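Reading through the structure tokens given below for one structure.
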Amino acid sequence: MENHTVEMIRHSLHVLEHELTFLPDLFGESRKKAFNSLLAILTTPNHVNKAYLRIPLERGDVIRVPAFRVQHNNVMGPYKGGIRFHQRVDEDEIVNLAILMTLKTALHNVPFGGGKGGVVVDPHSFTKQERYMICKKYVQYFSRVLSPTEDIPGPDVGTGAQEMDWMMGEYKNINPGKEYLGSFTGKSVENGGSLGREKATGKGVYFSLKYLLTDFVSKDMPSESVHKYSKTLLATKEQQLSIGIQGFGNVGSVVAMEAYDCKNIDNKVTVVSDRNVTLYHEEGLQIPALQKFAQWNKGDLPKTEEELREAGVEAKILERDAIFSQSVDVLFLAALSNQVNETNMTEIEAKIIVEGANAPISKKADDYFNEKGVIIIPDILANAGGAIVSYFEWLQGRDTRFLSEQKIYDDLYDKMLRTFQAVYPEVFNGEHSFRDTCYIYSIMKISMILFRLGKLYG
Ligand code: NAD
């Protein structure tokens, strides 16, 4: 499998192999072999578990649906990663997302590995009872590989707290008397979920920008930095920033509210989009009203003049992909993978792009933006809030002491800040892109552990 993630891993390993102060005990032929081993280990999953779930439908027949649980790497801890219900789920995509989880948890020092699950279904075309059956069957078919100490799934696109509750319930049925609160994360608060989990990713995504534009630029940016990113960053100082957000779901709508409420940065959200429309207002959109409307309308933004009036929002309605051609200073991508690519990259004028979604930018587009000096805060850095608070949920499930929402956010910011303080100065001092730096940093950690465990040589 060759894709952006695999290419990035290959490139990062190439850099590290020639950085002789890293793993200095390895030299000559043995260094070469160790780095070949690392490439093999990091670019292939430990296990691809596949099943065809047998689902009885309410109309009376039984169907089979393909389902996956990919376990990429567990050297840092139990496999961790969401379960996606989507009609376009395929094995390569799930493997790629599992690899990104391994890199994300390592980057932020979360003691989990990387995994991912998926079921090839459109959840909207099933009844509630049938979705309940899909969840139960998923756990039954993969029960041998799931446990609070082996592999801990959470929600992803098409799943949420309800699905996690159902899955944990089935896990409990199959494993009577065993610890079960840590078997799934993203559960409802009533069933042992963590306060703050729902907003964690969006809050973390916005925090990755806020830290860059405030603390980092005023205190932590190397003063001698002549990096192309420094020029980009300084150009955003002391001016009002316009913000665009693609996707207005769990991640995008929280990012929008964070920007709207932020007192430390002078910014206004001028464009938002979802699966139907782009909405634009030069003076800034009424985000609380949009969020309220979406809450009562299956997550969708207003898409007609009538719906705009109903929401009490003034905006221009544009076609869905018009978001890319609107002039904004900062663009958040919080919808799906591969949204920015060769077909639209040249339309985008943003100086900073923040990846709320996983892998929203293609390799070609990534190269194009890097060439232009556009700052891209990458997925594994920016959108780890959900993974981090899932770890807090797992810990809370172990000792059944539950923390306040504010304490969760404080701990989340603290954890992300440690990563930012390690990574951001490297980016602004070094010759690598933001994404390269994050990959290198994460792969260094995993490689060091593998080396010390004696797993890199025969
Ligand atoms: P969601 O289903 O709640 O929201 C997705 C949003 O994207 C919706 O507003 C939808 O209308 C919009 N959308 C769909 N297709 C679109 C298109 N073609 N153009 C514009 N908008 C479109 O999902 P979410 O939980 O907000 O996740 C968004 C992305 O972030 C996903 O890629 C997910 O994998 C990633 N992510 C989510 C979390 C989390 O904790 N929720 C954590 C890490 C990464």
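Partner lysines whose Cα lies under 18 Å from the Cα of Lys268, excluding those fewer than 8 positions away in the same chain, are identified as Lys203, Lys210, Lys237, Lys316, Lys351.
Taking a ≥ b ≥ c as the square roots of the eigenvalues of the alpha-carbon gyration tensor, the chain is classed oblate because a/c is 1.5 or more while a/b is no larger than b/c. Under the criterion of Cα pairs below 8 Å and six or more residues apart, the relative contact order for the chain equals 17 percent.
Pairs of Cα atoms under 8 Å, at least six residues apart: use those to get the relative contact order of segment 160-236, whole percent. Contact order relative to length: 22 percent. Residues whose amide H lies under 5 Å from that of His86, counting only those 5 or more places away or on a different chain, are Val119, Val121; hydrogens are built 1.01 Å from N in the peptide plane. Around the amide H of Ala359, modelled in the peptide plane, lie the amide H atoms of Asp379, all under 5 Å away and 5 or more residues distant in sequence or on another chain.
Using the 10 angstrom Cβ neighbour count as an exposure proxy, how do Tyr439, Tyr457 rank, fewest first?
Tyr457, Tyr439
For segment 314-327, backbone phi angles converted through the Karplus equation (6.51, -1.76, 1.60; θ = phi - 60°) give residue-by-residue couplings of 9, 6, 8, 8, 10, 6, 3, 8, 5, 3, 6, 9, 7, 7 Hz, Gly and Pro being listed as x. Each Cα pair under 8 Å and six or more residues apart adds its separation to the average, and for segment 315-458 the resulting relative contact order is 17 percent. Applying the criteria of a DSSP loop state and at most 15 other Cβ atoms within 10 Å to the trypsin sites (Lys or Arg not before Pro) of segment 269-303 yields Arg275, Lys298.
Loop-resident GluC sites (Glu not before Pro) (DSSP state other than H, G, I, E or B) in segment 57-159 with no more than 14 further Cβ atoms inside 10 Å of their Cβ: Glu58.
Where a number appears in this text, it was derived from the coordinates with a stated rule and is not lab data. The shown structure was predicted, so the numbers you read here are calculated from the model rather than taken from an experiment. Reconstructed Cβ throughout: ideal geometry from the backbone, glycine too, with neighbour counts over all protein chains shown.
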